[in-house]
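Quick note: the coordinates plus some simple rules give every number you see, no bench work behind them. Every value quoted in this text rests on a predicted model; they were computed, and no experiment measured them. Every residue, glycine as well, gets a Cβ built from its backbone with ideal geometry; the counts of neighbours run over all protein chains shown.
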Amino acid sequence: MAGIGSGYDLSATTFSPDGRVFQVEYAGKAVENSSTAVAIRCKDGVVFGVEKLIVSKMLVEGSNKRIHTIAPHIGYAAAGLLSDSRKVVNKARDEAKYYKDYYADPISVKVLSERVANFFQSYTLYGHIRPFGTSVLVGGVDRKGPQLYMVEPSGVYYGYHAVAVGKGKQAAKTELEKLKISQLTCREAVNEVARIVYLVHDDVKDKDFELELSWVCSESNNQHQFVPADLKAEAERLAQQAVESKMSDD
Amino acid sequence: WYQRRVRGVSERVEGRKVFSNSLDVKKMDLREMEWMNKAHDMGTSIMAVAYNGGVVIGADSRTTTGSYIANRVSDKLTPISEKIYVCRSGSAADTQFASELIRYYLESHSTEIGEPPLVKTGANLLRHIVYMNKHLMASLIIGGWDKYEGGSVYCISLGGTITKEPFAIGGSGSSYIYGYCDANYKPNMTRDECEKFVVNALSLAMARDGSSGGVVRTATIDANGVERKMVPGNQLPIFWAG
């Protein structure tokens, strides 16, 4: 990797001759090396799933969550440098809180995503700070219905029907494209998300992982919450079955 | 205007310091006149009524400085966005300042969210200004239409309390029509019934309150836009006239 930038990659304030800002691209690499996060926007809500790699058997289960709640109706999942992500979560929560204080209305998913995107972009302009090494999935249900956005370290953001980030994103995207997303309900999507995360988990390179699943949908009264334990257990059971049958096919 | 303090005698008129440059205290100085110095006040009668599909707002047209009617045809119904209006009562300067500031913020907000603002957003912003600046004398009624909540009426009192009501009355003239409004308001009135209710109530207020008078201005706001009407003083409904 060293040598690709050849001197134009030392600072975010430098363009390369072919118009690239290498520091921002390198931030994207940090995201690509992290474990996978997947989200689907369904008919009635948004579902998040994160593959949380377990680095030590001593870790308390359920501590150090990767899925956060920004506002009651908006959820957040990140891939990349998780300490960078913490700063983004706090900023997003502030934005949502002040928006509601001033405008007397919960912030819409699009406006929040745009504010996070502008925040990311502002860290790509200066030499004394570095870009965020996280890609962020922001999803929730507002007056316009369920919405899902992904914000990249450059500050670019798009709305998605389904999206995956992290090391398993290629395989996950292939799986996601097979789904008929416009007809999925959140209940069904929970199983699909679990299955996809299990499928893209690399048993060889990585060891154990914990699956984090959350949703914002009509069943959860349009509030962001972790998927109830029984639904999650069922989804994981089906996912494990799917992985085993795929392994036996191979 | 200027103050000369040479051989000055300073006195307080209506709470404002006025300097007289004459030792002859019998000479009438324009600057001592109450109506030259008092801030513009809007005694006022204002009102807003929500109906299914929109809102009708109304106001009188009298602005006073002391007992002089500075403007007998004023427009107290001020738009802060295309379909959100504020009925202003209290200090003319304070309410103009607050509405113009909020009109600016609301427009920026509307550009960010990409659609017309909610009535409750406009009301909340105004409430912040009134609450944070308690020296202002502004008592406001916000009436408007947005596509999510339909017609809404919000009332902001002097201290900055905000309440959502099916209808609201305000200003000095409103004291005289609480009974009339309580007796004659019915929920689920039609647009025409609301307009008549507003014109009748304001006429009664203007008949009894010295600080209210002139014409009755109304605005009816719904999904299609704003329709403004004016009823001249000599065409207002007459109730018991002795």
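Key figures
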read-out: Longest exposed-site-free window of chain A, the sites being chymotrypsin sites (Phe, Trp or Tyr not before Pro) in a DSSP loop that have at most 13 other C-beta atoms within 10 Å; value: A:127-250
read-out: Length released on extending from A:E234 to A:S63, taking residue separation times 0.36 nm less the Cα-Cα span; value: 59.4 nm
read-out: Residue-wise HN-Hα coupling along region B:103-116, computed from phi with Karplus coefficients 6.51, -1.76, 1.60 (Hz; x: Gly, Pro); value: 4, 5, 5, 5, 5, 4, 4, 4, 5, 5, 7, x, 7, x
read-out: Full-extension gain in nm, A:K97 to A:Q241, via 0.36 nm per residue minus C-alpha separation; value: 47.6 nm
read-out: Fluctuation leader among A:P153, A:P17, A:P228 - chain A, Gaussian network, Cα springs under 10 angstrom; value: A:P17
read-out: Hz values of 3J(HN,Hα) by residue in region B:209-226 - Karplus curve (6.51, -1.76, 1.60), Gly and Pro given as x; value: 9, x, 7, 10, x, x, 10, 9, 9, 10, 9, 10, 10, 9, 4, 8, x, 10
read-out: Contour minus Cα-Cα distance for B:Y104 and B:T190 (0.36 nm per residue); value: 27.7 nm
read-out: Residue-averaged 222 nm ellipticity for chain A, from DSSP H runs of 4+ at -39500 (n - 2.57), nearest 500; value: -12500 deg cm²/dmol
read-out: Per-residue ³J(HN,Hα) for region A:173-187, Karplus 6.51 cos²θ - 1.76 cosθ + 1.60, θ = phi - 60°, Hz, x for Gly and Pro; value: 4, 4, 5, 4, 5, 6, 7, 8, 5, 5, 9, 6, 9, 4, 4
read-out: For A:V60, A:V165, order by how many other beta-carbon atoms lie within 10 Å, fewest first; value: A:V60, A:V165
